[in-house]
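Below you'll find the structure, written out as structure tokens, and then a few comments.
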Amino acid sequence: MKKLPILIIIFIIGIAVGFAVSESAPQQQKAPTFEDAIAIIKKYEGLSGPSHWPFVGYGHKVMPGEKFTRGKKLTEAEADALARADYAKLCAKYREFGADSLLLAALAYNCGPGVVAKSSVLSKLKAGNRDIESSYLAHCRYRGKQLSQLKRRRQEELNVLFVKDLSTLNSQKEVPTEDLTESVEEVKEIIHLTSHDHPEEKKDSVVNVSHN
């Protein structure tokens, strides 16, 4: 009968040791994906209608020379294809940052590459400093005013697209931007957009607020 308490004690110690080992071991994390980013973009941009001109699709601002029809709303399929092309182009721009290209491209999609270029988020990542949360969340202002919706968007982008400790990733493969979608010009040709003579010029410093 004396063996029973000893076995119980050994069993309890075994559980405690196993728990301690599992707690100390780094948890493997699923790598963020292109599809994760597209879902966030579509959620917060919303599908632009005729009243949102010069924006079409999911936050695409019409540039001089682009062939879009004012007053025509893109279909979901057309808007989705255009968003993927725009985002893939931005991912390619930040390719050197590997997995972080998804996050930087998401910020650039909303605020413009010019804003990202001047951001401390970019300079920190270049320097190997991954403590970027406060810097990233600072990008939630429109015309000097902090917007709760932009702050929610920044927080969700961080939560889903940023991995602070890259060693916990199951995979650190580079984002395959070439295979994601056709180029922006090819997508525009596919959806047969017609011309408009006076689109506004896009400004990187302007934050596109969701049309929802």
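Would you check which residues across segment 90-138 are buried (at least 18 other Cβ atoms within 10 Å of the Cβ) and among the charged types (D, E, K, R) and list them? The one that is buried (at least 18 other Cβ atoms within 10 Å of the Cβ) and among the charged types (D, E, K, R): 100.
Scanning segment 64-108 for residues being part of a loop (DSSP other than H, G, I, E, B) and closer than 23 Å to residue 150 by Cβ gives a total of 1.
Residues in segment 137-150 that are more than 15 Å from residue 108 (Cα to Cα) and part of a helix (DSSP H, G or I): 148, 149. In this structure, is residue 94 closer than 22 Å to residue 142 by Cα and among the aromatic types (Phe, Trp, Tyr)? Answer is no for this residue. Cβ-Cβ contacts under 7 Å between residues 6 or more apart (or on different chains), taken from a first residue in segment 30-44 that is over 18 Å from residue 168 (Cα atoms) to a second residue that is of a type in the set (Val, Ile, Thr), are listed as 34/175; 36/160; 40/160.
Here, each number is a calculation from the coordinates, and none is a lab measurement. All figures in this text were calculated on a predicted structure; none of them were measured in a lab. Reconstructed Cβ throughout: ideal geometry from the backbone, glycine too, with neighbour counts over all protein chains shown.
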